[in-house]
Amino acid sequence: MNVFRARIFTPLGSPFSTPDLRSTYAYFDDGYLAVADDGSIESIGDWQSRPHRLSEEPLVEFGENIIISPGFVDTHLHAPQLEMIGSYGGHLLEWLARYTFPTEAKFADEHYARSIGRALFDELLRNGTTTALIFSSVHARATGVLFEEAERRGFRAIIGKALMDRNAPENLLESAADAYENSRALILQWHKHEMLRYAISPRFAPTSTPELLEVAGTLKREFPDVYVHTHVSENRAEVDWVAELFPESGSYVDVYDRAGLLDQRSVLAHGVHLTDGELEVLSERQARLSHCPNSNLFLGSGLFPMNRVVKAGVVFGLGSDIGAGTTPSLFNAMSDAYKVQQVLGTSLSPFHLWYLATLGGAAALLLDAFTGSLERGKDADFVALDLNGSPLLARRTANASLIEDLLAGLIFLGDERIVSRTFIKGEEVSAR
Ligand code: GUN
Ligand code: ZN
C-alpha cells in the first residue's frame with residue numbers, strides 16, 4: 001500500500017446528463033489516495049477522515065500546491081505523425097497527400113518506428129496522458145513495435161494497424177486478403193495482452209474498397225471484443241468524395257454500418273458534418289465519436305456540433321489527433337473544445353471539460369471500469385499537477401478559492417510544465 005496526500009479532484013459522472021454539477025465530481029482540498037499493492041485504489045477521501053489502518057503505510061506528502069487528478073485519456077491520435085506536427089497549408093485531403101502519406105511510409109523501417117514509438121509514449125506521459133487510442137501506419141511490424149513500446153512503459157493503449165487498399169501511394173496499400181491476415185496476427189498477439197487492446201483500423205472510407213471494409217467487418221465478427229477505429233465526416237470535400245465512391249450507401253455513417261463496423265467498441269474521429277440521421281444511427285449502435293478540436297481548427301475542418309451530439313445521446317471523448325492536432329496536451333484539447341463551443345454559443349463548464357478529458361474519454365473507450373476516475377477498485381492512473389508549474393499559473397491559482405476556478409486556470413494555462421508526475425496502476429511512469 002502507498003498513501004498520497006494532496007488536493008484531489010475527480011469526476012464521478014457525466015455533467016452532460018444532470019443539471020446538478022456538484023453531484024458529478026469529488027474534490028478534497030486536503031485529501032488522501034490509498035493505492036493497494038496491485039495498483040488499484042483502496043480508498044480515497046478527506047485526509048482528516050482517513051481510516052486508522054493507513055497510518056502504518058508509506059506516505060507521500062505532495063503538499064497543498066499539488067492537485068491529483070485522474071490521468072488524461074486521448075481518444076484519437078496517429079503515432080507515425082508525431083514528427084510532422086505543424087505541417088501547414090492545405091485542408092484535409094491535400095494535407096494527407098502532401099505530408100501525411102510520405103511521413104507514414106517511413107514506418108516501413110522498424111528501427112525508425114521504434115524511435116518514434118519511444119518518443120511518443122514519453123511525450124504522452126510527460127503531458128499526463130495515461131490512456132490512448134492510437135492509429136499506427138499500415139505496417140504490421142511497426143505496429144508490433146508500438147505495442148512493445150507501450151508495454152515497456154506500462155502504458156494503457158488501444159492500437160491498430162491502418163488499413164488502406166486504394167487512393168493512397170502504392171507503397172502504403174495492401175490487398176484485402178493481406179489486411180485480414182496481418183490484422184488477425186496482431187489481434188492474436190496483442191489484444192488483451194495486459195493493458196493493451198487491438199483496434200481494427202480502416203483509415204477512412206475513401207482509402208477503403210467495399211472489399212476492405214468487408215474484411216474489417218469479418219474480423220469484427222470473429223473478434224467481437226476488438227475495437228474499430230476510423231474517421232468520419234471531418235471535412236466537406238471528404239464527405240462529397242465518400243458519396244461518389246459509395247453511391248449505394250445512404251450516408252457516410254451508412255458505409256461503416258453496412259460493413260458491420262459499428263458497435264460500442266467503435267470510435268470514429270471527428271464527426272464534424274454529421275446529419276441528424278447519421279447521429280441517430282451512431283446512437284442506436286452505441287458507436288463513439290472522438291472530438292479533436294485542435295485538429296479541426298488546424299485543418300480548417302469545421303466546428304464539432306456538440307449540442308446535437310449530446311442530444312442524440314452519442315458518447316464522445318477528446319482527442320489530440322496528432323499530427324493534424326498540434327500538441328499531445330489534453331489541457332489544450334479542453335481549452336480548444338471550450339473555444340469551439342463558445343463560437344457555437346455554448347459555454348462549457350470546467351467540469352464538463354475535465355470530464356471529457358478523463359472519465360468521459362474512458363467511457364468512450366469502454367475502459368471506465370478500469371480508469372478515468374479515482375474511485376475504489378479502479379486502477380490508480382493519476383497525475384500530480386503543480387499549481388506553481390509556471391509563473392503565470394502560480395499567479396492565476398493563488399487566489400482561486402473555488403474548485404471550478406482552479407480547474408479553469410489549469411485548463412487554459414496548463415501544459416506539460418505543470419504535470420509534475422504521472423502514475424499508471426500506482427507506478428510512477430514519468431516525473432519532471
Ligand atoms: N482522415 C483520414 N486520415 C486522416 C489523418 O491521418 N488525419 C486526420 N485528421 N484525418 C484523417
Ligand atoms: Zn486522425
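Straight-line cross-link partners of Lys106 among the lysines, defined as a Cα under 16 Å from its Cα and at least 8 positions apart when in the same chain: Lys161. If the label point is 7 Å along Cα→Cβ of Ala398, which residues in segment 36-70 have backbone nitrogen under 16 Å from it? Output list for this probe position: 65. In sequence order, segment 358-367 has phi-based couplings of 10, 4, x, x, 4, 5, 4, 8, 6, 10 Hz under the Karplus curve 6.51 cos²θ - 1.76 cosθ + 1.60, θ = phi - 60°, and Gly or Pro positions carry x. All Cα-Cα distances of segment 143-202, cut into 5 Å bins from zero to the largest, leave 4, 19, 28, 19, 14, 9, 5, 0 percent in each bin in turn.
Shape verdict for segment 313-394, please, from the Cα gyration tensor: rounded (a/c under 1.5), prolate (a/b greater than b/c) or oblate. Walk me through the numbers before you get to the answer.
Numbers: a/c = 1.63, a/b = 1.13, b/c = 1.44.
Oblate.
By its C-alpha gyration tensor, with a ≥ b ≥ c as the square roots of the eigenvalues, how is segment 190-340 shaped: rounded for a/c under 1.5, else prolate for a/b larger than b/c, else oblate? Oblate, since a/c reaches 1.5 and b/c is not below a/b. Charged side chains reduced to their Cβ positions (Lys and Arg at +1, Asp and Glu at -1) give segment 1-155 a dipole of some 340 debye around its Cα centre.
Grab the eigenvalues of the alpha-carbon gyration tensor for segment 278-432, scale each by 5, take roots, and send me the semi-axes largest first in whole angstrom. If you can, show how the numbers build up before the last one.
Working: eigenvalues 135, 81, 43 Å².
Working from the Cα gyration tensor, I get semi-axes of 26, 20, 15 Å.
Which of the trypsin sites (Lys or Arg not before Pro) across segment 144-193 are loop residues per DSSP, with 12 or fewer other Cβ within 10 Å? Within segment 144-193, the qualifying trypsin sites (Lys or Arg not before Pro) (loop, at most 12 other Cβ atoms within 10 Å) are Arg166, Lys192.
Between Glu110 and Tyr88, full extension at 0.36 nm per residue minus the direct alpha carbon distance yields a gain of 5.2 nm.
Quick one: putting +1 on the C-beta of Lys and Arg, -1 on the C-beta of Asp and Glu, what dipole do you get for the chain around its Cα centre, in Debye to the nearest 20? Could you put the intermediate results ahead of the total?
Details: 38 positive and 57 negative charges, 111 e Å.
Using only the charged Cβ atoms, the result is roughly 540 debye.
Straight-distance candidates among the lysines for linking to Lys311, with alpha-carbon spacing under 25 Å and chain neighbours fewer than 8 residues away dropped: Lys339.
Need one word for segment 83-214: rounded, prolate or oblate. Basis is the Cα gyration tensor (sqrt eigenvalues a ≥ b ≥ c); a/c below 1.5 gives rounded, then a/b vs b/c decides. Walk me through the numbers before you get to the answer.
Details: a/c = 1.87, a/b = 1.18, b/c = 1.59.
Oblate, since a/c reaches 1.5 and b/c is not below a/b.
Taken over the C-alpha atoms, segment 15-140 has Rg and Dmax values of 21.4, 62 angstrom.
Over all Cα atoms in segment 11-67, the spread is summed up by Rg and Dmax: 13.9, 41 Å. Near Ala398, once Lys and Arg are set to +1 and Asp and Glu to -1 for all other residues with Cβ below 15 Å from its Cβ, the sum equals -1.
Go through Ser251, Gln189, Pro293 and say which Cα lies farthest out towards the positive end of the charge dipole of segment 162-307; charges sit on Cβ, +1 for Lys and Arg, -1 for Asp and Glu. Working it through, the farthest residue towards the positive pole turns out to be Gln189. In a DSSP loop and with at most 12 other Cβ atoms within 10 Å, the trypsin sites (Lys or Arg not before Pro) in segment 289-389 are Arg376.
Shape descriptor for segment 316-360: Rg over Rh equals 0.96 (Cα atoms; Rh from the Kirkwood inverse mean 1/r).
Just in segment 152-228: which GluC sites (Glu not before Pro) are loop by DSSP and have at most 16 other Cβ atoms within 10 Å? Present the calculation step by step, with values, prior to reporting the outcome.
On the way: sites: Glu170, Glu174, Glu181, Glu194, Glu211, Glu214, Glu222; in loops: Glu174, Glu194.
In loop regions of segment 152-228 (DSSP not H, G, I, E or B), the sparsely surrounded GluC sites (Glu not before Pro) are Glu194.
For the chain, averaging the sequence separation of C-alpha pairs within contact (under 8 Å, six or more residues apart) and dividing by the residue count gives a relative contact order of 20 percent. Start at zero, step by 20 Å, and the Cα-Cα distances of the chain spread as 28, 58, 14, 0 percent across the bins. Scaled against the 2.2 N^0.38 Å expected of a compact globular protein of N residues, the Cα radius of gyration of segment 50-108 reads 2.16.
PRE reach from Arg166 (point 7 Å along Cα→Cβ): which of segment 232-250 fall under 12 Å by backbone N? Those under the cut-off are 242-248. Counting beta carbons within 10 Å around each of Thr346, Thr326 and listing the fewest first gives the order Thr346, Thr326. Say each of Glu284 and Val310 gets a label point 7 Å from the Cα, pointing the same way as Cα to Cβ; how far apart are those two points in nm? It is 2.5 nm.
Just so you know, all these numbers are worked out from the coordinates, no wet-lab data involved. Computed from a predicted model, the values in this text were never measured in an experiment. No Cβ is skipped: glycine too gets one built from the backbone with ideal geometry, and neighbour counts run over all protein chains shown.
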